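Just below is one structure, and these are the notes that go with it.
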Amino acid sequence: MPSLLALHAAGHEIALVVTQPDRPAHRMKVTPPPVKVAAEELGLPVFQPERIRDPEAVERLRTISPDLLVVVAYGQILPQSVLSIPRLGAVNVHASLLPRHRGAAPIARAILAGDDKTGVTIMKMDEHMDHGPVLAMRATSIGDREGAVQLTERLAEMGAELLVETLENFDDARSVDQDHAQATLAPKLTREEGELDWSLDAQEIDRRVRALQPWPGVTLPTPRGRAKVLTGHVDGDRYVPEVMQLPGKRPAAAKQVLGDA
């Protein structure tokens, strides 16, 4: 969403905002994606196809005849039938320093890997996932206690700023091919990755607690059943939970959940 707001604020003509369909959310209430809400507040037209590769969706984009496609965390791989529509091609804002962490979960995977830095990349798109030549890149350190939620917010703002800067000089921008031999993947997160036990290394537990928020979250066994760890820290060779939550309960100090108080 920061990229949409930044493009609009910079005066770019936005002919159409394409985002995911409304989905059931809290208490199964059908909820629009935040990008749709922001676009409508700006008075921009919105299109929400189930699959961007469907012929009807492709034809809708052709009727717009855009000069450029800008893709940010869309969640679907664009086929050549879409990539070939804009006169100037398509660019993607990706939340990693490509070719490291190509895929759906680059922010969480950077934390899980113990990386001390990450960043944002503006790249030209091709049919392969996060594979195209790089137009611009900006790095940032990952804080010792920074979680995926906080890092996502920071990278979204960084990506929006770098996107606007890149488009300002787009005609003169030089692209550089990625070193594909150095590529690593960042696959979707799974629920099983958050189901931990106390035998794991403290640093590993800490990385998972920080990386796997808000989903799938991390659970650890306690005398009262498995509890979700919301925050904690490493103390020597031990992981010390600070706030935990039992199913159906409110978050509480870890000692209350662990039975030490």
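Of all residues in the stretch 149-168, those that are within 14 Å of T118 (Cα to Cα) have Cβ atoms under 7 Å from Cβ atoms of residues that are of a type in the set (K, R), 6 or more apart or on another chain, in M158/R138. Residues that are under 20 Å from the mean Cα position of the chain (by Cα), among the aliphatic types (A, V, I, L, M), closer than 19 Å to I107 by Cβ and surrounded by fewer than 16 Cβ atoms within 10 Å (Cβ to Cβ) do not occur anywhere in the stretch 210-219. Of all residues in the stretch 69-91, none that is more than 16 Å from Q20 (Cα to Cα) and outside the structural domain of M129 (by TED's automatic domain parsing) has its Cβ atom under 6 Å from the Cβ atom of a residue that is among the small types (G, A, S) and in a loop (DSSP other than H, G, I, E, B), 6 or more apart or on another chain.
In the set (1) within 21 Å of T152 (Cα to Cα); (2) buried (at least 18 other Cβ atoms within 10 Å of the Cβ), L5 fails one condition alone, (2). The residues in the stretch 117-138 that are closer than 13 Å to L83 by Cβ and crowded, with 21+ Cβ neighbours inside 10 Å can be counted, and the count is 3.
Within the stretch 120-148, the set of residues being within 21 Å of A9 (Cα to Cα) and touching a residue at least 40 places away in the same chain (Cβ under 8 Å) comprises V120, I122. Scanning the stretch 48-63 finds no residues that are closer than 30 Å to T231 by Cβ and without any contact (Cβ under 8 Å) to a residue 24 or more places away in the chain.
The values are calculated or read from the model by the stated rules, or taken from the named source; none is laboratory data. Owing to the predicted nature of the structure, the values given are computational and were not obtained by experimental measurement. In this analysis, Cβ positions are derived from the backbone assuming ideal geometry, glycine residues included, and neighbour counts consider all displayed protein chains.
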